Amino acid sequence: MKRLIISALAVILTAGISFGQSKTIQKFHEKYKDDRDATVVTFTGGLFKLLATVASLDEQDEDSQVISRIADNISSLELVSIPMYKSGFKSEDIAKMRSELKKEKYEEMMTLRDGSDHIYFMTQGSDSEIKNMLILISEESDFMVMNVNGELDLKDLAYLAKKRNNLN
């Protein structure tokens with residue numbers, strides 16, 4: 001499962017999938033951001049602007065241009081991870097969170113399960129653009145929410161997915 005989580009992180013950081021902050025996620029973040037047992041990581045838009053600038057330097061390389069456009073449209077990435085056993089957060093709370101997110105017009109784009117571990121990819125957006133993507137990662141002992149703010153063109157994501165598949 002750890003490899004699955006690391007792969008999900010790598011995809012998000014390299015492909016630049018984006019999402020905004022819902023009321024449900026904001027409430028979760030506010031509750032746990034100062035918890036001494038929580039892990040909170042924030043990447044600001046400046047980091048993504050730097051990545052976009054570096055990638056855009058190679059004007060002849062289409063891959064670099066796509067990565068530049070994606071990174072340029074990310075304003076932040078935030079991760080909050082809590083230990084389930086210390087926080088009192090239960091699997092029922094995850095189900096409730098998913099239900100509340102669906103009421104906020106989030107759609108489950110993909111789910112992964114490995115034993116009792118689950119990963120939920122939830123998005124808002126249109127046919128041509130992803131807005132507000134969340135990744136909820138539930139393991140036996142930890143729960144993590146990844147929240148990347150920004151907007152992405154689906155054509156850029158499809159291009160990267162196609163390129164990645166051609167490398168395998």
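The values are calculated or read from the model by the stated rules, or taken from the named source; none is laboratory data. Because the structure is predicted, anything quoted here is derived from the model rather than measured. In this analysis, Cβ positions are derived from the backbone assuming ideal geometry, glycine residues included, and neighbour counts consider all displayed protein chains.
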Q | Residues that are buried (at least 18 other Cβ atoms within 10 Å of the Cβ) and over 18 Å from residue 32 (Cβ atoms), drawn from region 82-113 | A | 106
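Please state which one of 112, 152 is at pLDDT 85 or above and either more than 13 Å from the chain's Cα centre (by Cα) or within 24 Å of residue 63 (Cα to Cα) (or both).
Details: 152 fails: at pLDDT 85 or above.
Result of the check over 112, 152: 112.
Taking the condition crowded, with 16+ Cβ neighbours inside 10 Å, without any contact (Cβ under 8 Å) to a residue 24 or more places away in the chain, in contact with a helix residue (DSSP H, G or I) (Cβ under 6 Å, 6 or more places away or on another chain) and assigned to a helix (DSSP H, G or I), does residue 71 pass? Break it down stepwise before answering.
Values: crowded, with 16+ Cβ neighbours inside 10 Å: yes; without any contact (Cβ under 8 Å) to a residue 24 or more places away in the chain: no; in contact with a helix residue (DSSP H, G or I) (Cβ under 6 Å, 6 or more places away or on another chain): yes; assigned to a helix (DSSP H, G or I): yes.
No: the conditions fail for residue 71.
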Q. Here is a list of conditions, (1) part of a helix (DSSP H, G or I); (2) at pLDDT below 85, and residue 132 meets all of them except one; can you say which number that is?
A. (1)
Q. Scanning for something part of a strand (DSSP E or B), basic (Lys, Arg) and free of Cβ contacts under 8 Å to residues at least 24 places away in the same chain, does region 76-94 turn up at least one residue?
A. no
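Pick from 116, 126, 141: which is in contact with a Pro (Cβ under 8 Å, 6 or more places away or on another chain) and either loosely packed, with under 13 Cβ neighbours inside 10 Å or of a type outside the set (Asp, Glu) (or both)? Before the answer, list the steps.
On the way: 116 fails: in contact with a Pro (Cβ under 8 Å, 6 or more places away or on another chain); 126 fails: in contact with a Pro (Cβ under 8 Å, 6 or more places away or on another chain).
Checking each option against the conditions leaves just 141.
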